[in-house]
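Colleague: Following this message is one structure expressed as structure tokens.
Throughout, read-outs are computed from the coordinates displayed, never taken from laboratory work. In this text, all values refer to a predicted model and were calculated from it rather than measured experimentally. Methodologically, a virtual Cβ is constructed for each residue, glycine included, from the backbone with ideal geometry; neighbour enumeration extends over all protein chains shown.
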């Protein structure tokens with residue numbers, strides 16, 4: 001038993017060292033990426049680009065399921081982006097509420113018989129396309145319920161432009177988000193297959209006419225933790241991964257893809273969460289197997305504001321879903337693991353994700369058991385334990401603060417001193433419970449996966465107006481379940 | 001300050017008229033013919049003497065020579081007559097005056113920019129009207145513009161400007177005002193449409209990239225309101241399909257940025273003829 005525990009301890013130490021090393025390496029690459037971004041920004045004038053023919057037209061795909069409360073405002077905001085040629089395709093995925101009707105009423109849409117979309121990718125047959133010439137950039141597809149991936153596929157089939165961009169119906173794009181992404185695309189149009197956007201948490205911000213006007217930190221605890229978590233993941237993580245072309249996920253809330261490649265890999269996968277990670281893995285695999293030069297880029301200054309779940313129930317459900325999606329994707333793509341043919345993606349991204357993301361809960365859990373064992377068998381003394389805990393905490397904290405510094409260096413969205421202090425403080429607080437809960441949720445997600453639970457889980461929607469001060473104080477609070 | 005005693009009993013406009021006539025007629029100097037005649041009218045309700053002295057000193061330093069100054073017997077107003085200084089430069093002088101005055105009497109002053117036309121044939125009634133208008137001008141920290149009435153109907157043309165960029169709006173607003181247009185500015189499509197309904201402007205200058213309502217939709221709505229509306233699209237969007245779409249929607253002109261203000265003004269002027 002002692003030997004076993006000792007052996008485990010050795011492995012665990014190497015594990016922790018490896019993960020810490022990778023984290024710091026990625027953070028380093030993030031800094032490198034941001035540095036070149038800041039330098040490049042001086043020379044790029046995206047304002048002028050927004051009207052230039054050389055930026056390719058984009059089709060925005062907005063899958064909507066039971067979004068009657070927020071959809072109008074979001075579509076209105078999407079219709080006024082700073083971009084020369086784009087279209088907004090809203091896909092009503094068989095909503096049980098009046099999503100379709102409110103859209104038809106607000107934009108005086110009429111059935112458009114000559115547009116049925118060609119079947120480039122398989123998807124549930126659509127019922128009807130709606131259109132109004134007075135809003136020439138808006139299309140609404142009505143189709144029976146088939147899930148988010150299926151909706152996106154239907155949108156791809158109707159889309160008229162070479163680039164597609166998927167956007168959650170509960171998210172708001174900044175006016176310049178598309179043009180900033182197009183700028184990244186145009187740095188290397190031949191090789192860019194996908195670009196991720198930066199997702200930020202809008203809870204706590206003031207929103208007027210579908211535009212985030214005043215950036216504040218959330219007041220509630222759960223969204224606050226998520227704000228920091230997103231910042232760390234997107235700025236400290238994804239910039240770095242994209243720098244070495246090892247990005248494994250482009251957020252489903254906001255990403256841009258080259259349509260031809262998405263069609264080549266058969267579109268989005270159906271009937272399961274994790275479709276956003278899945279499409280990126282498929283793109284990596286496709287390009288690497290055909291030995292085509294490519295890159296999956298990330299554009300941290302293209303911002304999409306989203307509503308974070310603010311209750312335990314919804315947050316845990318979301319995270320369990322992510323856990324399920326991650327496990328499923330990793331299991332299905334285990335053949336990529338450590339195959340030199342798949343380059344950085346196979347040699348680093350996939351192993352990292354399997355060992356340090358997917359299997360993370362098991363290491364944490366066995367670690368806890370081992371710790372109990374060490375104490376029970378009197379193999380440790382409290383000083384060593386304390387030192388280990390302290391080193392662990394400091395590592396994590398330096399990483400978290402590193403992301404905050406990155407934010408302040410490059411983006412400065414949170415300008416108030418108070419917010420900065422709060423962010424630094426809460427970054428430390430997250431070690432007491434929030435990270436542990438994350439492990440628990442992931443584990444529960446795995447259990448759900450093994451029980452073959454394929455549902456989307458609960459997701460409630462709140463009207464954007466709720467955050468706007470003094471507009472009206474009796475907002476309708478949505479409780480539409482989002483079960484796709 | 002000797003002027004004040006000598007000219008007692010006369011009104012400001014009469015004094016201005018006298019000075020201008022003195023300059024352009026009595027001298028009989030052919031050099032001054034066709035020379036511009038800028039005017040900066042200032043009003044200051046606090047520490048008047050001191051402030052005016054300061055403004056005058058500032059203008060004289062700027063121009064490198066003396067500036068004809070008239071003090072109103074009422075004791076609150078003064079007029080600077082930088083003879084021979086073109087309008088754009090006079091505008092700058094007015095801005096200097098504004099800056100100086102805001103240090104002396106923040107919120108209690110007014111500045112108006114005017115000129116006496118290019119012909120040395122000066123109509124006393126213009127001065128009367130100018131002085132009247134200035135007397136009724138509320139105290140505000142912006143330079144107001146005096147414009148002689150144009151056209152037979154005695155009305156200036158109006159231009160509705162719809163643009164989300166505040167800098168651009170302010171710049172064009174200033175330029176259009178100097179052209180003598182009445183300018184209505186809107187920062188988004190909804191506001192623009194409201195102003196269009198209320199004021200029926202002669203020309204609409206609009207961007208396509210707007211908040212609240214997209215540009216193409218605004219064009220459709222404007223057309224629906226008034227099929228004869230004269231609309232100039234003024235935008236970053238240089239894509240051919242957008243240009244042809246706009247002309248299909250009935251716009252009169254399409255100007256892309258980066259732009260030449262002179263061209264923009266010339267095109268608007270052509271539409272107004």
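Colleague: Between rounded, prolate and oblate, where does segment A:1-145 land on the alpha carbon gyration tensor, with a ≥ b ≥ c its root eigenvalues, rounded for a/c under 1.5, else prolate if a/b exceeds b/c?
Modeller: Oblate.
Colleague: Please figure out what share of the DSSP beta bridges in chain A is antiparallel and state it in percent, rounded to the nearest 5.
Modeller: Given both bridge residues lie in chain A, the antiparallel proportion sits at roughly 45 percent.
Colleague: Using the alpha-carbon atoms, what tilt in degrees (0 to 90, nearest 10) does helix A:148-158 show relative to the longest principal axis of chain A?
Modeller: Between helix and principal axis, roughly 40 degrees.
Colleague: Looking only at other chains, what is the average number of their beta-carbon atoms within 10 angstrom of each beta-carbon in A:203-210?
Modeller: Numbers: counts 0, 0, 0, 0, 0, 2, 5, 2.
Shielding by partners across A:203-210 averages 1.
Colleague: In whole Å, largest first, what are the principal axis extents of the Cα atoms in segment B:158-272?
Modeller: Here the spans come out as 32, 30, 26 Å, largest first.
Colleague: Given R₀ = 60 Å, what would the calculated FRET efficiency be for residue A:13 paired with residue B:257, taking r from the Cβ atoms and rounding to 0.05?
Modeller: Values: r = 61 Å, r/R0 = 1.01.
In this case the efficiency is close to 0.50.
Colleague: Rounded, prolate or oblate: which fits segment A:75-189, taking a ≥ b ≥ c as square roots of the Cα gyration tensor eigenvalues, rounded meaning a/c under 1.5, else prolate when a/b beats b/c?
Modeller: Details: a/c = 1.69, a/b = 1.37, b/c = 1.24.
Since a/c reaches 1.5 and a/b is larger than b/c, the shape of segment A:75-189 is classed as prolate.
Colleague: Determine the relative contact order of segment B:158-272: mean sequence separation of Cα pairs under 8 Å and six or more apart, normalised by residue count, in whole percent.
Modeller: Rounded, it is 23 percent for segment B:158-272.
Colleague: Hey, another quick one. Sum -39500 (n - 2.57) across every DSSP H segment of at least 4 residues in chain B, then divide by the residue count to get the 222 nm mean residue ellipticity, nearest 500.
Modeller: Dividing the helical sum by the residues of chain B leaves -13500 deg cm²/dmol.
Colleague: Averaged across A:173-181, how many Cβ atoms of other chains sit within 10 Å of each residue's Cβ atom?
Modeller: So the per-residue partner count for this stretch is 1.
Colleague: Considering every residue in A:46-55, what mean count of other chain Cβ atoms within 10 Å of its Cβ is obtained? Please list the in-between numbers first.
Modeller: On the way: counts 0, 4, 4, 1, 5, 10, 5, 6, 2, 1.
The shielding value for this peptide is 4.
Colleague: Oh, and also: Using r as the Cβ-Cβ distance of residue A:405 and residue A:42, and R0 as 25 Å, what FRET efficiency do you calculate, to the nearest 0.05?
Modeller: Approximately 0.75, to the nearest 0.05.
Colleague: Can I ask one more? Of all beta bridges DSSP finds with both residues in chain B, what is the antiparallel percent, to the nearest 5?
Modeller: Details: 16 of 36 bridges.
So the antiparallel bridges amount to about 45 percent of the total.
Colleague: For helix A:275-289, report the angle its Cα long axis makes with the longest principal axis of the Cα atoms of chain A; keep it between 0 and 90° and round to the nearest 10°.
Modeller: Tilt relative to chain A: about 80 degrees.
Colleague: If packing is taken as the average number of other Cβ atoms within 10 Å across a peptide's residues, how do A:221-231, A:306-316 rank, most packed first?
Modeller: On the way: A:221-231: 21.1, A:306-316: 17.6.
Listed from highest to lowest mean packing, they are A:221-231, A:306-316.
Colleague: A further question on this structure: Using packing as a proxy for protection, rank A:171-178, A:328-335 so that the peptide with the highest average count of other Cβ atoms within 10 Å comes first.
Modeller: Top to bottom by mean Cβ count within 10 Å: A:171-178, A:328-335.
Colleague: Distance between Cα centroids, segment A:207-263 to segment B:199-267: provide it in whole Å.
Modeller: If you average the Cα positions of each part, the centres end up 35 Å apart.
Colleague: Taking the 0 to 90 degree range and rounding to the nearest ten, how far is the long axis of helix B:189-199 tilted relative to the main principal axis of chain B, both from C-alpha atoms?
Modeller: In chain B, helix B:189-199 runs at an angle near 60 degrees to the longest axis.
Colleague: If packing is taken as the mean number of other Cβ atoms within 10 Å per residue, what is the order of A:240-248, A:362-370, A:83-91, highest first?
Modeller: By packing density, highest mean first, the sequence is A:83-91, A:240-248, A:362-370.
Colleague: For segment A:383-431, what is the convex hull (Cα atoms) projected area averaged across all directions, in square nanometres?
Modeller: With the hull built on Cα positions only, its mean projection is 3.5 nm².
Colleague: Quick one: what do you get for the protein assembly as shown if you divide its Cα Rg by 2.2 N^0.38 Å? Walk me through the numbers before you get to the answer.
Modeller: Values: Rg = 33.2 Å, N = 757, 2.2 N^0.38 = 27.3 Å.
Compactness ratio reported: 1.22.
Colleague: Checking the a/c ratio against 1.5 first, then a/b against b/c, what shape does the Cα gyration tensor give for chain B?
Modeller: Note, shape of chain B comes out prolate.
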